[in-house]
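Report on the structure given below.
The values are calculated or read from the model by the stated rules, or taken from the named source; none is laboratory data. Because the structure is a prediction, the values reported are computed rather than measured. Cβ sites come from the backbone with ideal geometry, for glycine too, and all protein chains shown count toward neighbours. The accessibility values were calculated without ligands, DNA or RNA, using every heavy atom of the protein model including side chains. Shrake-Rupley method; radii C 1.70, N 1.55, O 1.52, S 1.80 Å.
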Amino acid sequence: MNSWTRRTAKSNTRKHPHSSLFLLLAVAAQISCAGRVAAPSAVTLTILHTNDEHGWIEESEFTDGAAKLMGVWRDVEGYREDGPFLILSGGDNWTGPAISTWFEGESTVDVMNAMNYNASTVGNHEFDFKIAGFEERLAQAEFPYVSANIRLKANGDFPRFVVPYVMKEVSGLQVGIVGLTTTSTPRSGFPTYVETLDFIPYADALSEVVPQVWDDGADIVVVVSHICHAEMTALVPLANQLGISVIGGGHCNELVAEINNGVAVIEGGWRMASYARVQITFDGETGSITELVPSTAQNNGGTPDPEVAAVVSRWIEAADAELSDVVGFASSPVGRGPALHNLIADSWLHAYPSADIAMNNAGGVRQGLPAGEITRGTIIGMLPFQNNLLALELTGSQVVASLRRGTIVAGMTTVGGFFHSDGSPMKMDSVYTILTTDYLYAREDYPYAADDPDPILTGINYHQPTIEYLEFLNTTNSNPLNQVLDPAPRR
Ligand SMILES: [Zn+2]
């Protein structure tokens, strides 16, 4: 006997009414199909799991997008609304390309509604637009967000915006879906956004909540989490004790499909470019799982689902409308060089005034500004990457040592020595707050990660400050950007 059969046999002792309900339904199904009473057959349920969608709903070089994913699920997986399926997400639904970020996740939830998601857990990025922003998405979502380990710091209660688990009935089976959120959330997002919340250890949360799920009449218990493969693996012994059959993950963008001690452990990659699935065969006669088959698949070659495609198209149009917003005016082109570089770096300090110095790489600036109206789209084209600003604490000498050929700066100059922008000399043993990108931080040829292993993730995309700074400068045909630029080289 394999271990998941044993486990579910044990869990079976905790429930009473649902085994008989299941038998009744299964028998009824046999009568209606075959016209006679037969032994109840097994039910196979398929979980389709994505995670870290990060708003990649639109087809692009990185993904076939949401409409084709739904097509794959219909054509390859045989998905149908009333069929034996659960569509689950491991969280981080939004924050990515402009079509997601500018609408603070609204477009992503719209698409997930059209795709009939049954539940999502809460990823750290669900808080990128503060708890108030998340609550707007919750009001919009036609599926629940589950997390068993988020508590209010004030009193230890579950916050009002989340439930620890939900019960979904699929083909007569009661499936308990328990959520978990990465305990790194206060460090991997903007810390003050979640300062009222505790993210308690996964094991404590599961030990408390899963017995309630069984008492509530579950036939199967699955965990949908925003935690990485290693953390899921560490939870397998507890999953065995508690009768959990499946742990789905997220946060690390991994593709995982394995059976570990009878527990299916899955993660679906990211960007809706791939997904994980688990087929669960449940024997109604014994009330136990007889087969558990995890696997992963690519979002590849699907026929776009018309309904999902229509929703995505609406958001593409809305994003285009936003992108065409005029944010400034240049009387003549501003090419890649000191004036443009200074503008961009200065905009970061404008957006994050508690920082002393901004440091970017010239390679992150892909084109200059043309003459005439400057739109949001122009800025996105100039700074097109999905990079976010980090705030680091560095000494003056660490700042100097991190300078590279092509480093763009604000708040300091290296011309004739190392000076602040007010002309006072930098102190090599003083600690400064530095803005740079998560991209440079991740690069091994930069010392940032070694110098400050615990940076603040601002959640600010590196192009957003330039858009806002241009709006602030309010440049026009009669007051063009060219007149307010600082063309003096700082390096
Ligand atoms: Zn995450």
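If you check I374, I379, which single one turns out to be surrounded by 19 or more Cβ atoms within 10 Å (Cβ to Cβ), more than 14 Å from D356 (Cα to Cα) and touching a Ser or Thr at 6+ places or on another chain (Cβ under 6 Å)?
On the way: I374 fails: touching a Ser or Thr at 6+ places or on another chain (Cβ under 6 Å).
The conditions single out I379.
What pairs come up if the first residue lies in segment 112-131 and is part of a helix (DSSP H, G or I), the second is more than 12 Å from the ligand (Cβ to nearest atom) and of a type in the set (V, I, T), and their beta carbons are under 6 Å apart, counting only those six or more places apart or on different chains?
The qualifying pairs are A114/V308; A114/V311; F127/V194.
How many residues are assigned to a loop (DSSP other than H, G, I, E, B) and either within 28 Å of E53 (Cβ to Cβ) or open to solvent by 60 Å² or more (accessible area, probe 1.4 Å) (or both) when one looks only at segment 281-309?
Step one: filter segment 281-309 for residues assigned to a loop (DSSP other than H, G, I, E, B), giving 284-287, 299-305.
Those left that are additionally either within 28 Å of E53 (Cβ to Cβ) or open to solvent by 60 Å² or more (accessible area, probe 1.4 Å) (or both): 285-286, 299-305.
Number of matching residues: 9.
Are any of the residues in segment 296-313 at pLDDT below 90 and over 30 Å from G406 (Cα atoms)? It would help to see each step written out before you state the result.
Residues of segment 296-313 that are at pLDDT below 90, as a first pass: none.
No; the residues of segment 296-313 include none that is at pLDDT below 90 and over 30 Å from G406 (Cα atoms).
So that you can scan it fast, the table gives a plain yes or no per residue for (1) within 12 Å of L390 (Cβ to Cβ); (2) in contact with a helix residue (DSSP H, G or I) (Cβ under 8 Å, 6 or more places away or on another chain); (3) of a type outside the set (D, E, K, R):
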residue	(1), (2), (3)
G411	no, yes, yes
P425	no, no, yes
T433	yes, no, yes
D454	yes, yes, no
Q464	no, yes, yes
L473	no, yes, yes
S478	no, no, yes
V484	no, yes, yes
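Identify the residue in segment 47-70 that is more than 21 Å from I247 (Cα to Cα) and within 15 Å of the ligand (Cβ to nearest atom) and, among all such residues, is nearest to the chain's Cα centre (by Cα). Lay out the reasoning, then the answer.
Kept after step one, since they are more than 21 Å from I247 (Cα to Cα), are these residues of segment 47-70: 55-70.
Applying the additional criterion that residues be within 15 Å of the ligand (Cβ to nearest atom) yields 55-56.
Values: G55: 8, W56: 10 Å.
This residue is G55.
To keep it simple, each residue is scored yes or no on (1) among the hydrophobic types (A, V, I, L, M, F, W, C); (2) in the same structural domain as T185 (by TED's automatic domain parsing); (3) modelled with pLDDT under 95.
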residue: L383; (1), (2), (3): yes, no, yes
residue: N388; (1), (2), (3): no, no, yes
residue: V400; (1), (2), (3): yes, no, no
residue: L403; (1), (2), (3): yes, no, no
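Does segment 25-46 contain any residue that is at pLDDT 95 or above and either surrounded by 15 or more Cβ atoms within 10 Å (Cβ to Cβ) or farther than 28 Å from A276 by Cβ (or both)?
Yes, that holds for at least one residue.
Looking at (1) part of a loop (DSSP other than H, G, I, E, B); (2) surrounded by 23 or more Cβ atoms within 10 Å (Cβ to Cβ), which is the only condition R80 fails?
For R80, the failing item is (2).
Got at least one residue in segment 125-140 being open to solvent by 60 Å² or more (accessible area, probe 1.4 Å) and either within 16 Å of the ligand (Cβ to nearest atom) or over 21 Å from L457 (Cβ atoms) (or both)?
Yes, segment 125-140 has at least one match.
Exactly one condition in (1) part of a helix (DSSP H, G or I); (2) crowded, with 21+ Cβ neighbours inside 10 Å; (3) more than 16 Å from the ligand (Cβ to nearest atom) is false for V175; which is it?
With (1) part of a helix (DSSP H, G or I); (2) crowded, with 21+ Cβ neighbours inside 10 Å; (3) more than 16 Å from the ligand (Cβ to nearest atom) applied to V175, the lone miss is (1).
Which pairs do you get when a residue that is under 21 Å from A264 (Cβ atoms), found in segment 207-224, comes within reach of a residue that is assigned to a helix (DSSP H, G or I) and open to solvent by 10 Å² or more (accessible area, probe 1.4 Å), reach meaning Cβ atoms under 6 angstrom, with the pair 6+ apart or on two chains?
Once the first residue is under 21 Å from A264 (Cβ atoms) and sits in segment 207-224, its partners that are assigned to a helix (DSSP H, G or I) and open to solvent by 10 Å² or more (accessible area, probe 1.4 Å) give V210/L242; D219/H18.
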